[in-house]
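Report on the structure given below.
The values are calculated or read from the model by the stated rules, or taken from the named source; none is laboratory data. Here the structure is a predicted model, which means the values were calculated and not measured. Ideal geometry is used to build each Cβ from the backbone, glycine not excepted, and the neighbour counts take in all protein chains shown. Accessible surface is based on the protein model in full, side chains and every heavy atom, while ligands, DNA and RNA are left aside. Shrake-Rupley method; radii C 1.70, N 1.55, O 1.52, S 1.80 Å.
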Amino acid sequence: MERRIKLLGTGKYLPARQVTAAELDERLGLAAGWTEKKSGVRVRHYVTGETAAQMGAIAARQAVAAAGIALSELDCIVCASGTAQQEIPCTAALIQEELGLAGTGIACFDINSTCLSFVTALDVMSCTMALGVYERVLIVSTEIASAGLNWKQKESCVLFGDGAAAVVVGRTPDHEASRILGSAMKTYSEGVHYSEIRGGGTMLHPREYVNGYEDDFAFDMDGRKIFRLTSQLITGFVDSLLASAAVGKKQLRAVIPHQASGMALRIMQGKLGFSAEQMVNIMEDHGNVIAASIPMALHEAISRQRVARGDYMLLLGTSAGLSLGGIVLEY
């Protein structure tokens, strides 16, 4: 399970447009304060013209600069997002174009496990790197959640925001200790229809949008069912993951969870027995940015010096599927 992989640099981009909880209360005809109380989000960000590739490229440039390398030193670009800019080609290729790397031959592909896409990409790519396939990998999670919100479902539409985060990953030098200690992913498809967008693929092709299927092209979520199923599974999942990594809960300097909702974060903290100091919570001023949530929170933890080299961290989340995923690493 152990892989000598190091997080070299991180970056983040948030659109300039800030959408407050009060603004959504007014738009949805809700009592003042309802949105912030229900979601835990005071302000989230929506695009005003940015594409997913443009946002991803801005975050990527920050991550590459923080890593102290040149863009040309990358040998793989992975877009790890729950939403795509377009069906074909992969968003990673569009990010390569935005970065001015056309013609370089740098490998590009996407990995999508919705909200867990970054965790999945880091897990998969660290394995390929440990085998010597790649030296330096750029993982970008870039999401425009606002494009697919279902404004008929007030409990879900108030949660989400747009933005991008990026991480450059490299092999750990011999004299350093950075490594992945353990990882796991479990999928329970009894929850496969609890969180979905049915339209847009081959079952409901986009040409069907105007034929009475409009709602199928918007995000549909049953939060209560997701919460119940997750609650049954999460404790055993985390205990097993930490045991496989031989790391105790108290050894974790930071727990970086998917920013699902303010309530979900509070309940997860209590149920799993982590302290408030361990939990990295950026929900209030970011919202749920789908797969970008975990790398955004990781970026903030590093930027705010909540973690230092040698600290143990847990990346943890759930996603549509229903899936649970996590990685234990020494930063």
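Here are some conditions: (1) of a type in the set (Ser, Thr, Tyr); (2) farther than 18 Å from Ala297 by Cβ; (3) touching a strand residue (DSSP E or B) at 6+ places or on another chain (Cβ under 8 Å). Ser72 meets all but one. Which one does it not meet?
(3)
Tell me which residues, restricted to segment 213-232, are touching a residue at least 60 places away in the same chain (Cβ under 8 Å) and surrounded by fewer than 16 Cβ atoms within 10 Å (Cβ to Cβ). If you could, list the steps in order and put the result at the bottom.
Taking segment 213-232 and keeping what is touching a residue at least 60 places away in the same chain (Cβ under 8 Å), we get 215, 217-221, 223, 226, 229-230.
Answer for segment 213-232, where residues must be touching a residue at least 60 places away in the same chain (Cβ under 8 Å) and surrounded by fewer than 16 Cβ atoms within 10 Å (Cβ to Cβ): just Asp215.
From (1) among the hydrophobic types (A, V, I, L, M, F, W, C); (2) open to solvent by 40 Å² or more (accessible area, probe 1.4 Å); (3) under 24 Å from Asn112 (Cβ atoms), pick out the condition that doesn't hold for Val289.
It fails just one condition, (2).
What number of residues within segment 264-284 are touching a Lys or Arg at 6+ places or on another chain (Cβ under 8 Å) and open to solvent by 50 Å² or more (accessible area, probe 1.4 Å)? Lay out the reasoning, then the answer.
The initial filter retains those residues of segment 264-284 that are touching a Lys or Arg at 6+ places or on another chain (Cβ under 8 Å), namely 272-274, 278, 280, 284.
Next, from what is left, pick out any that are open to solvent by 50 Å² or more (accessible area, probe 1.4 Å): 273, 284.
Of the residues in segment 264-284, 2 are touching a Lys or Arg at 6+ places or on another chain (Cβ under 8 Å) and open to solvent by 50 Å² or more (accessible area, probe 1.4 Å).
Looking only at segment 137-177, which residues are open to solvent by 10 Å² or more (accessible area, probe 1.4 Å) and of a type in the set (Ser, Thr, Tyr)?
If the condition is that a residue be open to solvent by 10 Å² or more (accessible area, probe 1.4 Å) and of a type in the set (Ser, Thr, Tyr), then Ser146, Thr172 are the ones that fit.
Read through the list (1) modelled with pLDDT of 95 or more; (2) closer than 26 Å to Ser156 by Cβ; (3) not in a loop (DSSP other than H, G, I, E, B), then give the number of the only condition that Gln259 fails.
With respect to (1) modelled with pLDDT of 95 or more; (2) closer than 26 Å to Ser156 by Cβ; (3) not in a loop (DSSP other than H, G, I, E, B), Gln259 is out only on (3).
Tally time: how many residues in segment 306-331 are under 21 Å from Val247 (Cβ atoms), open to solvent by 30 Å² or more (accessible area, probe 1.4 Å) and in a loop (DSSP other than H, G, I, E, B)?
Counting residues in segment 306-331 that are under 21 Å from Val247 (Cβ atoms), open to solvent by 30 Å² or more (accessible area, probe 1.4 Å) and in a loop (DSSP other than H, G, I, E, B) gives 5.
How many residues are closer than 23 Å to Gly325 by Cα and either open to solvent by 30 Å² or more (accessible area, probe 1.4 Å) or among the polar types (S, T, N, Q) (or both) if we restrict to segment 71-89?
Residues in segment 71-89 being closer than 23 Å to Gly325 by Cα and either open to solvent by 30 Å² or more (accessible area, probe 1.4 Å) or among the polar types (S, T, N, Q) (or both): 3 in total.
Kindly list, by first and then second residue, each pair from a residue in segment 249-270 that is among the hydroxyl-bearing types (Ser, Thr, Tyr) to a residue that is assigned to a strand (DSSP E or B) and crowded, with 16+ Cβ neighbours inside 10 Å, limited to pairs with Cβ atoms under 8 Å and residues at least 6 apart or on different chains.
From residues that are among the hydroxyl-bearing types (Ser, Thr, Tyr), the pairs are Ser261/Asn288.
Run Thr235 past the list (1) among the β-branched types (Val, Ile, Thr); (2) under 17 Å from the mean Cα position of the chain (by Cα); (3) in a helix (DSSP H, G or I) and report the number of the one that doesn't hold.
(2)
Given the conditions (1) over 23 Å from Leu122 (Cβ atoms); (2) surrounded by 18 or more Cβ atoms within 10 Å (Cβ to Cβ), report the number of the one that Gly49 does not fulfil.
Gly49 satisfies all of (1) over 23 Å from Leu122 (Cβ atoms); (2) surrounded by 18 or more Cβ atoms within 10 Å (Cβ to Cβ) except (2).
Within segment 238-256, track down each residue that is open to solvent by 30 Å² or more (accessible area, probe 1.4 Å) and part of a strand (DSSP E or B).
Arg253
Yes or no: segment 214-222 includes at least one residue that is part of a loop (DSSP other than H, G, I, E, B), aromatic (Phe, Trp, Tyr) and touching a Lys or Arg at 6+ places or on another chain (Cβ under 8 Å). If you could, list the steps in order and put the result at the bottom.
Taking segment 214-222 and keeping what is part of a loop (DSSP other than H, G, I, E, B), we get 218-219, 222.
Applying the additional criterion that residues be aromatic (Phe, Trp, Tyr) yields 219.
Retained after the next criterion (residues that are touching a Lys or Arg at 6+ places or on another chain (Cβ under 8 Å)): none.
No.
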